[in-house]
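I have placed the structure first, in the form of structure tokens, so that the comments after it can refer back to it.
Any read-out appearing in this document is the output of simple, stated calculations on the displayed coordinates, not a laboratory observation. Everything numeric here is computed off the predicted structure, so don't read it as measured data. Glycine also receives a Cβ, built like all others from the backbone with ideal geometry; neighbour counts cover every protein chain displayed.
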Amino acid sequence: MQGANRTSQERMVYVGIGLVFAILLTGYLVYKVAVVVLVLLLTILFSIIMSAPVDYLNRRGMGRGLGTLVVLGGFVLIFGIAGAALVPTIEDQASEFVDTFPALLENVQQIVVQLQSAVSLKTSVSLDPQNVLDKARNFLSGGALTTVASVGASVATVLSFAVVILITTVYTVARPVPLVNGFVSLFPAGQRQRVREILGEMYRTVQKWFLGQLASMTIIGLLFTVAMFVIGIPFALLLGIFSGLISFVPYVGPMISVIPPVLLALTGNPIDALWVILAYLGIQAIEGNLVQPIVMSRAVSLHPVTLVFALLTMGTLFGFVGVFLAIPLVAALHVLLRELWIERMDQMGTDPNPPEREPKAKQRGRRLWQGARGLFRS
């Protein structure tokens, strides 16, 4: 009996070592074919996002092909209406921001000088706003042909990738069964049902994450826009949209979002900078204690250290798009690791001090969510 247990433990050690080497080899291959992997990951993510409304229409009797076209047309219509309503205001505020940029840059320089004087530091760095703008214009005019060629090539590459992603996403959403069955057929017949269950769990986890993240970003953007408008900070809509979008990056994004309104406040009434910081802290308190427990209570919960290293790794491999993909990818890998490894480890003996299965914050969020559902139903 002891020999059998020892053999089983040795087998698990070998499996673990093989898994580590497989991860390293996969990372090397990903680095070599980064563009292909990036297109594949974006296609999978967009397919999962788009499949949720298509699945709903399919359960109501609409075919997946027609449902895909309806959902795609709905997305285009929504973005078109939002663009027609917001783009003119955003363009005006962006133009005003460009005109205000020299004064903002000069104000930042004065703040830096005052801080250096306060801590008795000396530096020869000087930021002349007009000089900075002149150098930018000279750079653009001096290398106009090179700049145009480089930008044109980049735009053409991005558009070609976008077309490929759009086409593959539409076909994936319209006909997912052959792809899923083809992937599942790579596994032994006795394990295929388990593979389907794991794929379904990963699919639902990424969908829950996206819906929760979208709701959280929308709420943060609206609250930030209203707060900046009430305080009197210029470009409130532009700052609110920026805050909502950058909150997609956990921990780092919210801290970056407060910098532009603080600098704009310092160019006018410095007291407004204090109100901006207080508003930022209030929004973060609402987001952390109300929005996150309710909106993200049914989504995946990942440790901050895991998120930071995921963002760093994906950002290094794929740039900004990698940051966009980091969280859903880690959420899917978390499900895979839990289903294939952790559950097997739990069966090998008994933990005398098992961890708490569900954090208290998540339990509170679940209760709030259930209470809200009961209120709406009544």
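Overview of values
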read-out: Any hit, region 71-80, residues being touching a residue at least 40 places away in the same chain (Cβ under 8 Å), out of contact with any Ser or Thr (no Cβ under 6 Å at 6 or more places or on another chain) and not β-branched (Val, Ile, Thr); value: yes
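To keep it simple, each residue is scored yes or no on (1) among the β-branched types (Val, Ile, Thr); (2) touching a helix residue (DSSP H, G or I) at 6+ places or on another chain (Cβ under 6 Å); (3) more than 30 Å from ILE286 (Cβ to Cβ).
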site: THR168; (1), (2), (3): yes, yes, yes
site: ARG175; (1), (2), (3): no, no, yes
site: VAL180; (1), (2), (3): yes, no, yes
site: MET202; (1), (2), (3): no, yes, yes
site: GLN207; (1), (2), (3): no, yes, no
site: GLY221; (1), (2), (3): no, yes, no
site: MET228; (1), (2), (3): no, yes, no
site: PHE235; (1), (2), (3): no, yes, no
site: GLY240; (1), (2), (3): no, yes, no
